[in-house]
Amino acid sequence: MAAPRCELALLALHYQNDVLHEDGKIKVGLLAGSERRAGVIAAAQAMLAGARQHGVPVIHVRVAYRPDHADLLLNAPIFRNVAASGAVIEGSWGADFHAGLEPLAGEFVVKHTRINAFYGSPLEVVLAALGTRRLVVAGVATHSVVDSTVRYAVDAGYEVLVNADACAAGAPQAHEAALASMALIAEIADGAGTLRHFHMASSSQHGR
């Protein structure tokens, strides 16, 4: 059976243990002992709940690699660091979704291996099947997967809103700089603004 047509969808990027958990191996988005961790997780939980409440499809994007890293091209420092740390190995705790941010039954899960969530993944096919042209995007890290994915999405013709509260970068200045740069091409909202966006989309969809 075909998926229902949904103009708006949520992309939840890299809400995985190695990225979000205190014991995770990747510190690009949240440094050890970061005071922002609990707030980012709470904001992501509220965003997911809001999308589900208003019938907005959630697409969970995860990054993971083979244990032998045969699918990891080491052409940039970030990829060499991932390989050296042994992070997000397929089947490991680190590659699993963080507690409270797991996909629900029936929600889409897309795996990728680069920075931009669209590159080399079925994400665009999933969005085409849904009839999606507008995206809410959030995840970790702001200046990595979020920034790269937003830029591709805009070039591909999607309208994008970024939920800043559900994003993070290891250095606060990197987070703010990425948001300021993305503001040229996307709407930047806080958690409350994102929930209003879901509500308006739901009202519009049901008003047709």
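The values are calculated or read from the model by the stated rules, or taken from the named source; none is laboratory data. Note that the structure is predicted; figures quoted are calculated from it, not measured. Positions of Cβ are backbone-derived with ideal geometry, glycine not excepted, and every protein chain shown enters the neighbour counts. Just the protein is used for accessible areas: all its heavy atoms, side chains included, with ligands, DNA and RNA removed. Shrake-Rupley method; radii C 1.70, N 1.55, O 1.52, S 1.80 Å.
So the values come out like this:
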read-out: Rh (Kirkwood; distinct C-alpha pairs) - the stretch 33-88, Å; value: 14.2 Å
read-out: Mean separation of Cα contacts under 8 Å, 6 or more apart, over the residue count of the stretch 41-139: relative contact order %; value: 30 percent
read-out: In sequence order, calculated HN-Hα J values of the stretch 173-189 (Karplus, 6.51, -1.76, 1.60; Hz; x Gly/Pro); value: 5, 5, 4, 5, 5, 5, 5, 4, 5, 5, 4, 6, 10, 9, 7, 10, 10
read-out: Folded to 0 to 90 degrees: helix 191-206 orientation relative to the chain principal axis, Cα; value: 40 degrees
read-out: Dipole magnitude of the stretch 94-208, debye to nearest 20 (Cβ charges: Lys/Arg +1, Asp/Glu -1, about Cα centre); value: 300 debye
read-out: Built amide H within the under 5 Å cut-off of Val110, gap 5+; value: His60, Val61, Arg62
read-out: Among His14, Ala84, Phe198 - extreme Cα towards positive end, dipole of the chain, charges at beta-carbon; value: Phe198
read-out: Residue of Asp165, Asp68, Asp96 that the Gaussian network model of the chain assigns the largest fluctuation, springs spanning Cα pairs under 10 Å; value: Asp68
read-out: Calculated [θ] (222 nm, deg cm²/dmol) that DSSP helices of n ≥ 4 give over the chain, each run adding -39,500 (n - 2.57); value: -10500 deg cm²/dmol
read-out: Trypsin sites (Lys or Arg not before Pro) lying in DSSP loop within the stretch 48-109, provided at most 15 other Cβ fall within 10 Å; value: none
read-out: Carbon plus sulfur fraction of accessible area for the chain, probe 1.4 Å, in percent; value: 58 percent
read-out: Calculated P(r) tail over 23 Å for the chain, as whole % of Cα pairs; value: 40 percent
read-out: Placed amide H near Leu30: partners under 5 Å, 5+ positions off or other chain; value: Gly170
read-out: Distance in nm between pseudo-label sites at Ala129 and Gln45 (7 Å out along the Cβ direction from Cα); value: 3.0 nm
read-out: Per residue accessible area of the chain, 1.4 Å probe, in Å²; value: 45 Å²
read-out: For the chain, size of Cβ-based charge dipole, Lys and Arg +1, Asp and Glu -1, in debye; value: 280 debye
read-out: Table column - 3J(HN,Hα) (Hz), the stretch 5-11, Karplus curve with 6.51, -1.76, 1.60, x for Gly and Pro; value: 6, 9, 5, 10, 9, 9, 9
